[in-house]
Amino acid sequence: MKAEAPDFWWREPGWPSALLAAPAAAYGAVARWRLDHGERAEAGLPVLCVGNFTVGGGGKTPTALALGRCAIDLGLKPGFLSRGHGGAARNAMIVDPERHRAGLVGDEPMLLAALAPTAIAADRKRGAALLRAAGADLVIMDDGFQSARLRPDLALLVVDAERGIGNGRVLPAGPLRAPLVDQVRHADAVLLVGEGEAGGLAVRSAARAGKPIHEARIVPRDAGRFAGLKVLAFAGIADPDKFYRTLQAIGAEVAATADYPDHHPLSDDEIADLRRSADREGLTLATTRKDAARLAGGGPAACGFAGDVEVLDIDLVFEPQALGERLIRQTIDAFKARHLR
């Protein structure tokens with residue numbers, strides 16, 4: 001099964017993106033207007049927005065989790081704020097990881113809620129109010145940069161160094177959520193995750209604008225557990241290939257793969273197909289923590305299947321390690337400065 005993003009988004013611009021230039025220009029104009037004129041609400045708390053330039057991927061949630069851990073280490077009480085993409089909930093709520101499931105609140109909020117109070121809300125101001133009532137003293141917003149619904153005290157845009165920003169075109173001609181120069185103009189800093197040259201365009205644009213460029217890397221947790229395993233790896237994330245490459249880098253033999261769209265809940269038939277394929281070839285099933293969160297919140301077949309799958313956990317590590325705490329302090333200082341004027 002193919003991922004939902006068209007392949008031409010991640011190649012040099014060609015005739016497919018050229019054909020979509022007119023709608024991309026219209027989309028970009030609306031996105032630019034929103035960034036420039038969006039009525040950003042006050043949260044009443046310091047807000048650190050973790051976004052990215054493109055649709056899907058980039059490492060937003062691992063970055064948010066890493067920042068949450070840094071905030072806790074500083075003695076703060078962070079709360080995460082998410083749109084809850086992929087979940088069925090329509091009302092703002094605090095995620096209860098013991099009671100709620102990914103099908104209701106979304107897969108990423110389930111990961112966030114395991115660390116700190118997490119609110120899902122289309123109305124970001126309402127979500128921030130729920131976190132404030134829950135005792136949070138810092139909001140870490142996973143996504144929401146382009147929507148301009150909540151005023152950030154620090155907006156950090158994350159770029160995957162291997163994937164970059166694709167062909168550099170705006171939706172639907174490319175993966176950019178808004179024109180690059182406009183996104184950089186409203187960002188406070190850029191975080192380059194991993195190694196590679198694909199993030200160069202975003203980094204150069206940020207450098208020209210005088211925006212700080214930080215670095216981080218993804219570190220697999222308990223990597224030795226996968227050494228020598230022959231796996232059927234499956235993933236419903238924005239960039240499944242990155243997951244497969246990570247498995248290979250830690251010593252697993254990726255004998256077969258199965259790609260699904262981002263946030264995709266596996267059907268019973270898809271689960272049965274994966275089981276048959278793995279059994280036929282004598283392979284170990286392996287997936288991401290985000291995919292595992294959806295399985296754990298699914299029906300009986302998905303829950304049973306979850307226990308038969310090896311899950312690769314990852315951590316984002318700032319370079320230098322003190323960077324995370326520095327970003328937290330900058331967010332709080334900016335909030336205080338705004339309210340002392």
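The values are calculated or read from the model by the stated rules, or taken from the named source; none is laboratory data. All values reported here derive from a predicted model rather than from experimental measurement. Ideal geometry is used to build each Cβ from the backbone, glycine not excepted, and the neighbour counts take in all protein chains shown.
Is it true that Thr331 is in contact with an Asp or Glu (Cβ under 7 Å, 6 or more places away or on another chain), at pLDDT 95 or above and surrounded by 20 or more Cβ atoms within 10 Å (Cβ to Cβ)? If you could, list the steps in order and put the result at the bottom.
Details: in contact with an Asp or Glu (Cβ under 7 Å, 6 or more places away or on another chain): yes; at pLDDT 95 or above: yes; surrounded by 20 or more Cβ atoms within 10 Å (Cβ to Cβ): yes.
Here the answer is yes, as Thr331 does meet what is asked.
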Fill in the blank from the handout: Picking from Trp15, Trp10, the residue that is over 23 Å from Ala206 (Cβ atoms) and among the aromatic types (Phe, Trp, Tyr) would be Trp15
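Check the range 280-288 and report whether any residue there is free of Cβ contacts under 8 Å to residues at least 40 places away in the same chain, outside the structural domain of Leu111 (by TED's automatic domain parsing) and over 30 Å from Asp188 (Cα atoms).
We begin by selecting, within the range 280-288, every residue free of Cβ contacts under 8 Å to residues at least 40 places away in the same chain; these are 280.
Retained after the next criterion (residues that are outside the structural domain of Leu111 (by TED's automatic domain parsing)): 280.
Now restrict to residues that are over 30 Å from Asp188 (Cα atoms): 280.
Yes, the range 280-288 has at least one match.
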Practice task
Can you give me the ranges of the strands (runs of 3 or more DSSP E) entirely in the range 232-339 with at least 3 residues that are touching a strand residue (DSSP E or B) at 6+ places or on another chain (Cβ under 8 Å) and of a type in the set (Ser, Thr, Tyr)?
Solution key: 284-288
Problem - Boolean, Leu201 is in contact (Cβ under 8 Å) with a residue 60 or more places away in the chain and assigned by TED's automatic domain parsing to the domain that holds Ala334 - result: no
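Kindly indicate whether Gly56 is in the same structural domain as Leu176 (by TED's automatic domain parsing), on the phi > 0 side of the Ramachandran plot and crowded, with 24+ Cβ neighbours inside 10 Å. Spell out how you get there, then give the answer.
Details: in the same structural domain as Leu176 (by TED's automatic domain parsing): yes; on the phi > 0 side of the Ramachandran plot: yes; crowded, with 24+ Cβ neighbours inside 10 Å: no.
Judged against the criteria, Gly56 is not a match.
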Practice task
Starting from residues that are out of contact with any Ser or Thr (no Cβ under 8 Å at 6 or more places or on another chain) and surrounded by fewer than 17 Cβ atoms within 10 Å (Cβ to Cβ), keep the ones in the range 305-316 and report whichever is nearest to Leu229 (Cα to Cα).
Solution key: Asp308
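Here is a yes/no grid of residues against (1) in contact with a Gly (Cβ under 8 Å, 6 or more places away or on another chain); (2) within 26 Å of Ala5 (Cβ to Cβ):
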| residue | (1), (2) |
| --- | --- |
| Gly44 | no, no |
| Gly51 | yes, yes |
| Thr54 | yes, yes |
| Ala64 | no, yes |
| Gly75 | no, no |
| Gly106 | yes, yes |
| Val139 | yes, no |
| Asp143 | yes, yes |
Practice task
Among the residues of the range 80-104, count how many are crowded, with 22+ Cβ neighbours inside 10 Å and either in the same structural domain as Ala296 (by TED's automatic domain parsing) or modelled with pLDDT of 95 or more (or both).
Solution key: 4
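Could you say which residue among Ala292, Ala302, Ala272 is aliphatic (A, V, I, L, M), surrounded by fewer than 19 Cβ atoms within 10 Å (Cβ to Cβ), farther than 19 Å from Gln248 by Cα and not assigned by TED's automatic domain parsing to the domain that holds Val50?
On the way: Ala292 fails: surrounded by fewer than 19 Cβ atoms within 10 Å (Cβ to Cβ); Ala302 fails: surrounded by fewer than 19 Cβ atoms within 10 Å (Cβ to Cβ).
Among Ala292, Ala302, Ala272, only Ala272 is aliphatic (A, V, I, L, M), surrounded by fewer than 19 Cβ atoms within 10 Å (Cβ to Cβ), farther than 19 Å from Gln248 by Cα and not assigned by TED's automatic domain parsing to the domain that holds Val50.
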